[in-house]
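One structure below.
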Amino acid sequence: MLGYLTKIWTISERLLKESKVDMVIGFRKGTVPMMNEPCVVKSPENVKELVWDSNCGINLANYLTDRKEKIAVIAKGCDSRNIVTHIIENKIKRDQLFVIGVPCKGMIDRHKISSMFEKEIIEVIEEENKIIVRGNDCEKIFKKAEVLQENCAICIHRNPVIYDELVAEPVKEQTDIDRYKDVRRIEEMQVEEKNNFFDETLSACIRCYACRNACPLCYCPTCFVDESRPQWLGKSIDPVDIKTFHLLRAFHCAGRCTDCGACQRACPMGINVRIFTKKLEKDCFELYGWEAGMSLDERPPLDTYRPDDPEDFIK
Amino acid sequence: MSDWEPKIVAFLCNWCSYEAADLAGISRLQYPPNIRVIRIPCTGRMSPKFILAAFGKGADGVWVSGCHPGDCHYIVGNYYARRKFSLFKDLIEYMGIEPGRLHFSWISAAEGTRFAEVAIKVIKTVKDLGPSKYFIKKINDRVA
């Protein structure tokens, strides 16, 4: 995956020189380890700013919403699916985009790594399938597979769905993956247990809305959390308000979420916020056979219907 | 607790279930007085926020009812609603509300008897579950 960078530079430089696009959206090195930040490159001299490694977990589709320019965007499997969703939802036009597809082998989990260190992490170096993490006076070496983000470990669409140019040969997709093990575990719980589980999961939530802001799907002009007349969702620290926020946030992503993990990555408290969106993803797949962002020609599940949809729950 | 009676918020579609409730009344059909009716233009108008607000303010049950599939006044409103409801019901029960607090039904304007029957069934199910415990807000933050 490290070898992708030169190809990304060449493609970006060519596109900018030939004025095919106004900008390239990619990643540059962040100021702290494991936090690459999104960056917009507008002139061919600056393409060397772009980087690519296993810390590019942010979903770049988030930066395409309502843009009018011609944009080249670097897209992993999940980003490309969110780009498809954006096109379906008329947030950007296909012909405005040049998608530089990156076959992805997964991003590393910064929460997981930092939890294994007591002191601050100073440097993270990546070699093929090996991650070297240096703290103040300690060093640990991990296999990349050990520290993958959870959503990457269970990813079954690593290659971009749409692209104009690929930076490398497609990688092998993972098969025989049980994507919904944790969801099923909760489904099997008793009511009391479920409530305790979620109360505990969400007890750390500080309502910073980082999960919402990192999500490419959350682009409503007025978010339901900001509505005040009527105020459907209280702004208090009542656990029910917090639970309601997470429930509605997930519900807004129903049939659109690609499990890119941006929300969980953004969470400063390390809450497993994907546990909610994944339940809906599972339901959409089981009820309607739907996987988000796989095709430009299909309408998302809540924007369409079949007369014979399941309705056993209705009296 | 013996004299406890559940409060159930019923969201009824203007064109079918609301009319059915009317018909049940005109026909003098008896059912327990535990439901508070809120009229909505169509089940397609139902937002999960309404349901959550009802639970948050202490409703013991929520019941949403509309036209049978194919009979929607707006042709397809209830088809969309049906998909929304099945995902929402699954999610809220996954997050810890007891199955049996949230009900959906299709009742046409001519089905006054059925309305009374379903109302009795809904009220009984909720009553058996007892007072609502989860999803009730403890802090009262009424908007000024």
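The values are calculated or read from the model by the stated rules, or taken from the named source; none is laboratory data. Keep in mind that this is a model prediction, so the values were computed, not measured. A quick note on method: Cβ atoms are made from the backbone with ideal geometry, for glycine too, and the neighbour counts reach across all protein chains shown.
In segment B:109-121, is there at least one residue being in a loop (DSSP other than H, G, I, E, B), in contact (Cβ under 8 Å) with a residue 24 or more places away in the chain and either facing chain A (nearest Cβ under 9 Å) or out of contact with any Asp or Glu (no Cβ under 6 Å at 6 or more places or on another chain) (or both)? Checked segment B:109-121: at least one residue is in a loop (DSSP other than H, G, I, E, B), in contact (Cβ under 8 Å) with a residue 24 or more places away in the chain and either facing chain A (nearest Cβ under 9 Å) or out of contact with any Asp or Glu (no Cβ under 6 Å at 6 or more places or on another chain) (or both). Note on segment A:175-215: among residues that are free of Cβ contacts under 8 Å to residues at least 60 places away in the same chain, within 12 Å of another protein chain (Cβ to nearest Cβ) and within 16 Å of A:Thr244 (Cβ to Cβ), the one that is surrounded by the most Cβ atoms within 10 Å (Cβ to Cβ) is A:Phe198. Residue selection: B:Leu102 fails the criterion of being within 8 Å of another protein chain (Cβ to nearest Cβ) and at pLDDT 95 or above.
The criterion of at least 1 residues that are buried (at least 22 other Cβ atoms within 10 Å of the Cβ) and within 7 Å of chain B (Cβ to nearest Cβ) is met, among helices (runs of 4 or more DSSP H) falling completely within segment A:239-315, by A:239-252, A:274-288. The number of residues in segment A:15-31 that are exposed (fewer than 14 other Cβ atoms within 10 Å of the Cβ) and not small (Gly, Ala, Ser) comes to 4. Looking only at segment A:110-125, count every residue that is in contact with a Lys or Arg (Cβ under 8 Å, 6 or more places away or on another chain) and not in a helix (DSSP H, G or I) and tell me the total. Here the count works out to 7.
Across segment A:1-46, the number of residues qualifying as touching a Cys at 6+ places or on another chain (Cβ under 8 Å) and under 24 Å from A:Asp95 (Cα atoms) comes to 3. Counting only strands (runs of 3 or more DSSP E) wholly contained in segment A:1-95, the ones carrying 2 or more residues that are among the hydrophobic types (A, V, I, L, M, F, W, C) and within 21 Å of A:Cys218 (Cβ to Cβ) occupy A:23-28, A:71-75. Pairs meeting the criteria (first residue in segment A:29-45 and under 18 Å from A:Cys267 (Cβ atoms), second residue of a type in the set (S, T, N, Q) and in a loop (DSSP other than H, G, I, E, B), beta carbons under 6 Å, at least 6 apart or on different chains) are A:Gly30/A:Asn36; A:Met34/A:Asn55; A:Asn36/A:Asn55. Segment B:1-71 holds strands (runs of 3 or more DSSP E) entirely within its bounds, and those carrying 2 or more residues that are out of contact with any Ser or Thr (no Cβ under 9 Å at 6 or more places or on another chain) and at pLDDT 95 or above map to B:8-13, B:35-40.
Please indicate, with yes or no, whether at least one residue in segment B:69-76 is small (Gly, Ala, Ser), under 30 Å from A:Phe285 (Cα atoms) and crowded, with 18+ Cβ neighbours inside 10 Å. Scanning segment B:69-76, I find no residue that is small (Gly, Ala, Ser), under 30 Å from A:Phe285 (Cα atoms) and crowded, with 18+ Cβ neighbours inside 10 Å, so the answer is no. In the condition set (1) assigned to a loop (DSSP other than H, G, I, E, B); (2) more than 7 Å from chain A (Cβ to nearest Cβ); (3) free of Cβ contacts under 8 Å to residues at least 60 places away in the same chain, B:Ala81 is compliant with all but (1).
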